[in-house]
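As structure tokens, the structure follows; a few thoughts come after it.
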Amino acid sequence: MRSFVVAVVGLIMAAGSWLSAQPTATVRLTGTVRDSATSLPLDGASVFVAHARTGVLTDTEGRFVFPSLQPGRHEVVVRMMGYAEVRRTIVLAKPTQLDIFLVQVSIAVRGVTITGTVDKSGLMGSHRAISVVGADDLHRLSGQTLGETLEHLPGVTLISTGPSIMKPVIRGLHSQRIVLLNADIRQEGQQWGAEHAPEIDPFAGAGIEVVKGPASVEFGAEAIGGVVRIVPRELRRTQGHEAELHISFFSNNAQGAVSGWMEGHADVLSDVAWRLQGSARRAGDARAPAYGLANTGFSEVDGSFTIGYLFEAGEVSALLSRFSTDLGIFQGSHIGNVTDLRRAIVSSRPLVERPFSYDIRMPKQVIRHDLVTLRARSLIEGLGSLDLRLGRQENHRQEYDALRIFGQIQTRPAFDLTLTSYTADLRLMHLPVGPFTGTIGLSGTRQGNVSEGTTRLIPNFRAHNVGAFAIEEWSDDGLRVTTGVRLDWRQLDIYRPSGSAVERMAKTYANVSGAVGVQWQFDPTWSLGTNIGTAWRPPSLNELYSDGVHHGSAQYEIGDPTLGNERSGSLDVTLRHIAEMVHVDVSVFVNRIDGFIALFPTPDPTLTVRGAFPTFRYRQDDVVMHGLDGSAEWHVNTVLRLGLSGSLVRGSIVSTRLPMLFLPGDRARFIVHAKLPERWGLTGSYVEATVIGVRHQGRYPSSVDYANPPPGYVLLDLETGTHLHWGEQVVEVTLSTQNVLNTTYRDYLSRFRYFSDDPGRSFVVRVSTSWGRH
């Protein structure tokens, strides 16, 4: 038996040796994928070989390997979120090295929701209206809120409730019309409130992408206004460790902020990678140019941990994160009686003032948001890229008012809302079939909301959502056509107290969204895109059943249970020019929304035991919104760069032709950026001046709001930065001044413009460094 085993083993080894010595019938293809602007490697890019119907993901060095392809002609397709897709046709006869550079889509052409084919210049970029905030911009903006991080993008403004609560407004739309994606999971909080800032740390990701205009085909009905995506950092695919640290200080509210992350790829478990991230901010009362803003301080602590098992064609990963913040609400917005309320609106100073303090008193908000995700993605031989995302979120929001009973402030929250959400998304991006590429997907959400406060602005509810979509794209030389369709179904179960009993009501909504986009590159440096789409949105719970004081925004809100769906029809046209020294991108849009739901002021405020408050009622009108936004950049020479961006939005009610309320004023931003010579060991030095001009919003219905829109304003910001070197260690330092001239102004989209000016001058210091880049 022993002789027989030895003989068999010897025969197998001899056969293996003979086979390995024979000439192979396959060819090896290797390569790298890099950013065209920085030449840095791109981790996690999808590389497909179309005819072989196979693909891989790049590692942290941007490398990919196909060890055994058949000789002959192949089309290689490279995709990555935030970059223009590249196709390259090659002929394999021997081992080949292929280097590919992807162009980042800074402001892409409007359309549905899938990255499209482009040439090397990026003129045929993503069909989506994408603006990108890259890693360098995040460093320069560290310590700020998500809204403040996005406001410099054309077409994006802010709606604010004091200096610490801000949320993005995209082409005049916000809140429940904007979908937020955190870790590629749809953020589910109490986003219906204008003063409910997103419970997201913007510095937890590698960048931020903003989709401007309807994106409902891929992201669901609530994306009727756009999408904000926190781009997750890819886990390391090579062994080693890396870390970053960012520290910021703001003088206006004496705010200190720190954020950082560290990551590694295990030496022992070579297929396991991890990342730990955290941020903390603390601020005292902000200050307008002439006075302090009492009780506008805040504290925030955020953190996340990610771990993943990586393999050549994909990964399985899990993430745990928490966002927690305590926010003071401006005390000058909570008024005791109607007479004082009217006096506060016309007064040049708040009725309540106090010395600077870090103390957070009543009224205030306390918010905790926990997120757990599980993701599995893989390239499947002969099929494409399959991506499964599961998530659980718990959003706990408490709002405290300033009510006193027998002289004692109440410690129990007025609102105590807990929203628990379970989400599931499954997507398949199929392999290219000739000139066609596409994605199909299914999604589902289950939610439950429980209210335990002393008052109930909204009732308890349970919601179920199911959606399915398909997007297909055809492309040829200089021309691309994209089509998409989506079906959404939603059931809403409402539980309202009725005496000693609870009344249960059910509402069901279902509808279809669709879009078609055509893009044409008619010249080596010019392209034109046209996109037509229709989207819808069901009314949210607060729009249907609100009835009470909304403490964060200091207003009384009244819902309408008879509200129906919103239905939009949109048209976008974008002209783009990219040359060696000049980049121009201008878009015009028209968006008609039938059944548009909005808060409308009532003639008289409401007096409650908690004080007197401006009163708003939800109502529905057919509206037409149109406008333009765009940017231009001119590299005058290797030292000087000039930039100009701006936006305007118009909106009117179809039946009355009256202007819509609460649309942002026209605005423009002019930037002068100059590089400085390298001296005294300093590199990357620069100075930058920014002038922001906002025009008075003169289009509004008269005698409707409690106060007319404030005057326009002009702000000046200055910034300088450099890199310090100590051996191999590099420290990035920036010094800036916001509102250099300490201009007094009130923005029309500030919910507290009735009571106070916006914050004044602030000196900002930021320091960043990193370790272990290898």
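The values are calculated or read from the model by the stated rules, or taken from the named source; none is laboratory data. Not measured: the values here are computed from a predicted model. Don't worry about glycine lacking a Cβ; one is built from the backbone with ideal geometry, like all the others, and counts go over all protein chains shown. Only protein heavy atoms, including side chains, enter the accessible area calculation; ligands, DNA and RNA are left aside. Shrake-Rupley method; radii C 1.70, N 1.55, O 1.52, S 1.80 Å.
Remarks
- Within the chain, percent of DSSP bridges classed antiparallel, to nearest 5: 95 percent
- Charge dipole (the chain, unit charges on Cβ, about Cα centre) - positive-most of Gly693, Val179, Asn591: Asn591
- From the alpha carbon centroid of the stretch 730-774 to that of the stretch 675-700 is 13 Å.
- Packing-based order for 382-389, 480-487, 699-706, using average beta carbon neighbours within 10 Å, highest first: 480-487, 382-389, 699-706
- A simple charge model with +1 on the Cβ of Lys and Arg, -1 on the Cβ of Asp and Glu and nothing else charged puts the dipole of the chain at about 700 debye relative to its Cα centre.
- Length released on extending from Tyr686 to Asn565, taking residue separation times 0.36 nm less the Cα-Cα span: 38.5 nm
- Taking every protein chain into account, the 1.4 Å probe leaves Leu428 with about 30 Å² of accessible area, to the nearest ten.
- At a probe radius of 1.4 angstrom, the accessible area of the chain per residue rounds to 41 square angstrom.
- Accessible-area rank, largest first, for Arg746, Arg171, Arg63: Arg63, Arg746, Arg171, with all protein chains present and a 1.4 angstrom probe.
- Solvent-accessible surface (1.4 Å probe) assigned to His696 amounts to roughly 80 Å².
- Mean ellipticity per residue at 222 nm, deg cm²/dmol - from DSSP H runs of n ≥ 4 across the chain, formula -39500 (n - 2.57): -1500 deg cm²/dmol
- Cut-off of 10 Å, at most 11 other beta carbons, DSSP loop: longest stretch of the chain lacking such GluC sites (Glu not before Pro): 1-579
- Here mean projected area of the Cα convex hull in nm² was calculated from the structure, and among [x] 43.6; [y] 32.6; [z] 39.2 it sits at label [z].
- Separation between Cα centres of the stretch 182-227 and the stretch 611-674, rounded to whole Å: 19 Å
- Sequence of Trp520, Trp474, Trp261 from largest to smallest accessible area, 1.4 Å probe: Trp520, Trp474, Trp261
- For the chain, the carbon plus sulfur part of the accessible surface works out to 60%, probe radius 1.4 Å.
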